Amino acid sequence: MDRKTISIVMGSDSDLTVMKQAAEMLDYFGIEYEIDIVSAHRTPEKLYDFASNAHQRGILAIIAGAGGAAHLPGMIAAISPLPVIGVPIKSSNSIDGWDSVLSILQMPSGVPVATVALNGAKNAGILAAQIISTIDKDVRNKILDYKQEMKNQVIEKSDMLKS
């Protein structure tokens, strides 16, 4: 795709080491993306502007990572009509990551956030690619190849273990 179709946002630059994994997967599948810091608590006006306008800028899905209270994915989902994939991040002030997981996972009825595992930005990137694959056959074919490659690796490792 020749335009930025996925937005990756995070609450702080300390989340970047985790969120880079989503960007790496989007690179792998050839999907253009943007990446930015949007803090739900420190820049609420920027959050509102971002969530209100992302769909008008051609964004098709949002990956939002946050640690601690982790309100970013849920607040985006409350405002935006786009699918939001939440990445809970185990941060320095975290309660072993559970605060982030539950803050993103336990959304009220009517405000869904697809939630991946703690620090699971790689899966968020894959899920975003799968969303894009519903309208882009090239991406779908890359995902099929990726899944076949994973299958081949397991078979190869199984064969090596048996010998």
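Between residue 144 and residue 69, what is the label-to-label distance in nm when each label sits 7 Å out along the Cα-to-Cβ direction?
4.7
What Kirkwood hydrodynamic radius, in Å, does the range 82-123 give when the mean of 1/r is taken over all pairs of distinct Cα atoms and then inverted?
10.6
When a/c is below 1.5 the answer is rounded, else prolate if a/b is larger than b/c, else oblate, so apply that to the range 13-105 with a ≥ b ≥ c taken from the square roots of the Cα gyration tensor eigenvalues.
It is oblate, given that a/c is not under 1.5 and a/b is not larger than b/c.
For the cross-link pairs 20/137; 122/162; 20/162; 46/142, which exceed 32 Å when the distance is taken from alpha carbon to alpha carbon?
Long pairs (Cα-Cα over 32 Å): 20/162; 46/142.
Per residue of the range 151-161, in order, report the coupling 6.51 cos²θ - 1.76 cosθ + 1.60 (Karplus, θ = phi - 60°) as ³J(HN,Hα) in whole Hz, putting x for Gly and Pro.
Once rounded to whole Hz, the list reads 4, 4, 5, 5, 4, 4, 5, 5, 4, 5, 5.
What is the projected area of the convex hull of the Cα atoms of the chain, averaged over all directions, in nm²?
Average projection, Cα convex hull of the chain: 10.6 nm².
R0 = 45 Å: FRET efficiency of residue 78 with residue 152, Cβ-based, nearest 0.05?
0.60
Each residue of the range 92-105 in turn: what ³J(HN,Hα) in whole Hz from Karplus with 6.51, -1.76, 1.60 and θ = phi - 60°, glycine and Pro shown as x?
5, 9, 7, 8, 6, x, 5, 4, 5, 4, 5, 5, 8, 6
Can you list the residues, at least 5 places off or on another chain, whose amide H is less than 5 Å from the amide H of residue 61, using H built in the peptide plane?
For residue 61, whose amide H was placed from the backbone, the distant partners under 5 Å are 7.
Mean residue ellipticity at 222 nm from the helices of the chain, using -39,500 (n - 2.57) per DSSP H segment of n ≥ 4 over the full residue count, to the nearest 500 deg cm²/dmol?
Result for the chain: -15000 deg cm²/dmol, rounded to the nearest 500.
Every number in this text was worked out from the coordinates using simple rules, so none of it is lab data. Note that the structure is predicted; figures quoted are calculated from it, not measured. Using ideal geometry, Cβ is built from the backbone for each residue, glycine included, and neighbour counts are taken over all protein chains shown.
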